[in-house]
Amino acid sequence: MSIDVLQRWAGFAVVILALGVVVVPGQAQTLRQEADCRGVLIGSAVRPAQFSELAYGTTLAREFNLIQPEDVMKWSVIRPDRASFDFTAGDAVVAFAAAHQMKVRGHTLVWGRHNPLWLENAHYTPAELSDLLHEHITRVVQHFRGKVFAWDVLNEAFDENGKLRDSIWYDQPGIGLAGKGITYIEQALRWAHAADPDALLFYNDAEGEALNPKSDALYAMVKDFKRRGVPIDGIGMQMHIFDLHPDVSSIAANIARLTALGVQVHITEMDVALPTDRDTGNLRSSEDLAKQADVYREIAAVCLARHGCTAFQTWGFSDKYSWIRSFFGGNKGAALPLDEKYNAKPAYRALKETFANGPCDRLTASKPGTRQP
Ligand code: XIL
């Protein structure tokens, strides 16, 4: 081979290396493209204050077809006081999604935590709280009607024993249904359905992913609601994983029994926290990155194996913005598929491989998220 030809080949190789990828025609290149192919939603929680950060916005639009506000549709943001509704940040989430052809999940309308102080400290009567919650659900769901396709109507209403948690909405003092079990959940679902009959309505929780007393209680609730025609469309499994050893077959069995009832399952808040050094933020063991990738891979595979598991969402996408470090006082972190500089971690590659491992149905790809149970 002449020097001239060698130089030309070397130049070609440099171009390919500089691009970072070799584009193979017909092969999906991003997580979003793989998920579109499978007709499944791939989502992330978002902080709209970061949309203007170039790497944040471009990565989000490239890798996901679903977003959910991490905080800005909660009472604490939307209700600065009793008389006002502030939809500014929620509207920014909807606008970003519209600009990038993404769907939006809403989070959350009824939760015993992260409520504004004016609400918690006012000592309202059950009748007043009932009116307040009815008004809140109606105004918020109507405001986002046609823009938010699925709502986490209720969040974390059960404890780990499958008993209802004490909360301002249930029994402290509650909306007038204290002691009547899941009736207050039913009431909230009915109000949400009246405000937007087209929105999918979810009950969202943690620690009920595998078979256990809590997921038994959720299963019984869904079964009862379906039998009586209470509007529930799905269960959100938060999937915050703190110990690297989830019982994957038990989670699979739980997804199977729930979807068999005719509801969808969305994985809503997945992250996989790794032990970190409190002062430096560095990982305690770089081997944990491979273990983390395996956990993401296994949970995604379990979801994709069930027709009724229609969305897989992580709680943020870059380690730059994650609630884990502050929640664990710095002792855990690095929980998301991209690192703090938006570089792919083994977990990102594991997810992409898992989503790629199946048929690409171009018909569903044109309408991501339309895969129904
Ligand atoms: C967390 C957010 O990530 C934090 O930014 C905020 O300070 C507290 O709430 N389960 C949920 C989410 O349903 O709303 C929580 O989000 C994480 C646990």
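What do you reckon, how do 332, 345 stack up by accessible area (1.4 Å probe), largest on top? Don't jump to the answer; show the numbers that get you there.
Values: 332 50, 345 15 Å².
Final ranking, largest accessible area leading: 332, 345.
Size descriptors for the range 146-222: radius of gyration and Dmax over Cα atoms are 12.9, 37 Å.
Taking all protein chains together and rolling a 1.4 Å probe, residue 306 ends up with roughly 100 Å² accessible.
Would you mind calculating the gained length between residue 226 and residue 85 on full extension (0.36 nm times residue separation, minus the Cα-Cα distance), in nm to one decimal?
On the way: separation 141, 0.36 × 141 = 50.76 nm, distance 3.26 nm.
Length gained, residue 226 through residue 85: 47.5 nm.
A Förster distance of 22 Å, applied to the separation of the beta-carbon atoms of residue 165 and residue 247, puts the FRET efficiency at 0.40. Leaving out ligands, DNA and RNA but keeping every protein chain, what accessible area does residue 34 have, in Å² rounded to the nearest 10, with a 1.4 Å probe? Answer for residue 34: close to 20 Å² accessible.
Ranked from the most accessible area to the least, with a 1.4 Å probe and all protein chains present, what is the order of 318, 76?
Values: 318 5, 76 60 Å².
Order by accessible area, largest first: 76, 318.
When both bridge partners sit in the range 258-364, DSSP labels roughly 45% of those beta bridges antiparallel. Accessible area of residue 139 (1.4 Å probe, protein heavy atoms only, ligands and nucleic acids ignored): about 110 Å². Of the beta bridges in the chain, as assigned by DSSP with both residues counted there, near 10 percent are antiparallel.
Here the relative contact order of the chain, from alpha carbon pairs under 8 Å that lie six or more residues apart, stands at 18 percent. In the chain, the calculated helix contribution to ellipticity at 222 nm averages -12000 deg cm²/dmol per residue, counting -39,500 (n - 2.57) for every DSSP H run with n ≥ 4. Counting protein heavy atoms only, the chain has 54 percent of its accessible area on carbon and sulfur, 1.4 angstrom probe.
Taking a point 7 angstrom from the Cα of residue 341 along the C-beta vector, which residues in the range 273-302 have backbone N less than 17 Å away? 281-283, by backbone N distance to the label point. Computed with a 1.4 Å probe over protein heavy atoms only, the accessible surface of the range 221-373 comes to 43 Å² per residue. Using equal-weight Cα scatterers in the Debye expression, the normalised intensity of the range 276-334 in log10 at q = 0.27 Å⁻¹ is -1.13.
Per residue, the range 27-175 exposes 39 Å² of solvent-accessible protein surface, assessed with a 1.4 angstrom probe and all protein chains in place. One compactness figure for the range 239-373 is 1.11, namely its Cα radius of gyration divided by 2.2 N^0.38 Å. Pairwise Cα distances in the range 105-254 exceed 18 Å for 58 percent of all pairs.
Normalised Debye scattering of the range 179-266 at q = 0.11, 0.23 Å⁻¹ gives log10 I(q)/I(0) of -0.31, -1.16, counting only Cα atoms as equal scatterers and leaving out solvent. Think of the range 99-139 as a dipole: +1 on every Lys or Arg Cβ, -1 on every Asp or Glu Cβ, centred on the Cα centre; then among 138, 114, 99, 99 lies furthest on the positive end.
Could you tell me which of the pairs 74/223; 291/320; 103/223; 180/214 are separated by over 25 angstrom between their Cα atoms in the structure shown?
Values: 74/223 28 Å; 291/320 20 Å; 103/223 28 Å; 180/214 18 Å.
Distance filter (> 25 Å) returns 74/223; 103/223.
The loop-placed GluC sites (Glu not before Pro) in the range 45-145, going by DSSP, that have at most 16 neighbouring Cβ atoms within 10 Å of their Cβ come out as 53. Note on residue 307/residue 138: beta-carbon distance plugged into 1/(1 + (r/R0)^6) with R0 of 25 Å gives a FRET efficiency of 0.15. Rg over Rh for the chain works out to 1.01, using Cα positions for both radii and the Kirkwood form for Rh.
Once both labels are positioned 7 Å from their Cα atoms along Cα-to-Cβ, the gap between residue 207 and residue 291 label points is 2.2 nm.
Spatially, the range 308-337 and the range 100-122 are offset by 19 Å when compared through their Cα centroids.
The values are calculated or read from the model by the stated rules, or taken from the named source; none is laboratory data. Please read all numbers here as calculations on a predicted model, not as lab measurements. When we count neighbours, we look across all protein chains shown, and the Cβ atoms used for this are built from the backbone with ideal geometry, even at glycine. With ligands, DNA and RNA removed, areas are computed over all heavy atoms of the protein, side chains included. Shrake-Rupley method; radii C 1.70, N 1.55, O 1.52, S 1.80 Å.
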